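Peer 1: Quick one: this structure, given as structure tokens, is what I'll be asking you about.
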Amino acid sequence: MQEVRIDKWLWAMRIFKTRTIATDACKKGRVGVGNAPSVKPSRMISVGDVVHVRKPPVTFSFEVLKLTENRLGARLVPDYARNVTEQSQLDLLEVVKISGFVNRAKGLGRPTKKEGRQLAEFADSVGDDGWDFDSDDFEGFDD
């Protein structure tokens, strides 16, 4: 096998859960190969190509080591693709994971139970440092 379709490869490497999602990502311009910023789902890739996948806010990069059209087990993926994502993108991913519930995007609805517990935990830890002021504490203090 010399070449394989990019949408099949993305699905086989477990980058996307279904081939339909991989195809849609290509159509929306979120997948690139080498210097091409976006590619069609039918684009053929070969060994040595670097595939860029934008999953906002991070752009992941993978080097193609071997080709396959069949979905692989998670343990076999490192034999077929190497993650060459830049460290700055990985750091950005960590920041997003840590602060995920604080900067909630508009339209995502109410926080989940887990996020609510995390918010309550955070609020309790901030309130216990002795800096909890009420307006009544400042009576009699005039400029």
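The values are calculated or read from the model by the stated rules, or taken from the named source; none is laboratory data. Keep in mind that this is a model prediction, so the values were computed, not measured. Using ideal geometry, Cβ is built from the backbone for each residue, glycine included, and neighbour counts are taken over all protein chains shown.
Peer 1: Could you figure out which of (1) under 15 Å from the mean Cα position of the chain (by Cα); (2) modelled with pLDDT of 90 or more; (3) assigned to a loop (DSSP other than H, G, I, E, B) isn't true of residue 105?
Peer 2: The one condition residue 105 does not meet is (2).
Peer 1: A further question on this structure: Please go through the stretch 16-58 and give me each residue that is crowded, with 16+ Cβ neighbours inside 10 Å, β-branched (Val, Ile, Thr) and touching a Lys or Arg at 6+ places or on another chain (Cβ under 9 Å), ordered by number.
Peer 2: The answer is 31, 33, 45, 53.
Peer 1: Moving on. For residue 48, work out the one condition from (1) touching a Leu at 6+ places or on another chain (Cβ under 9 Å); (2) at negative phi; (3) without any contact (Cβ under 8 Å) to a residue 60 or more places away in the chain it doesn't fulfil.
Peer 2: Here residue 48 clears every test but (2).
Peer 1: Is it fair to say residue 95 is of a type outside the set (S, T, N, Q), within 22 Å of residue 9 (Cβ to Cβ) and either surrounded by 10 or more Cβ atoms within 10 Å (Cβ to Cβ) or modelled with pLDDT under 80 (or both)?
Peer 2: no
Peer 1: Could you grab me the full set of residues in the stretch 54-100 that are farther than 26 Å from residue 2 by Cβ, among the small types (Gly, Ala, Ser) and not in a loop (DSSP other than H, G, I, E, B)?
Peer 2: Across the stretch 54-100, the qualifying residue is only 88.
Peer 1: Would you tally the residues in the stretch 14-29 being closer than 20 Å to residue 48 by Cα and part of a loop (DSSP other than H, G, I, E, B)?
Peer 2: Residues that pass the stated criteria total 2.
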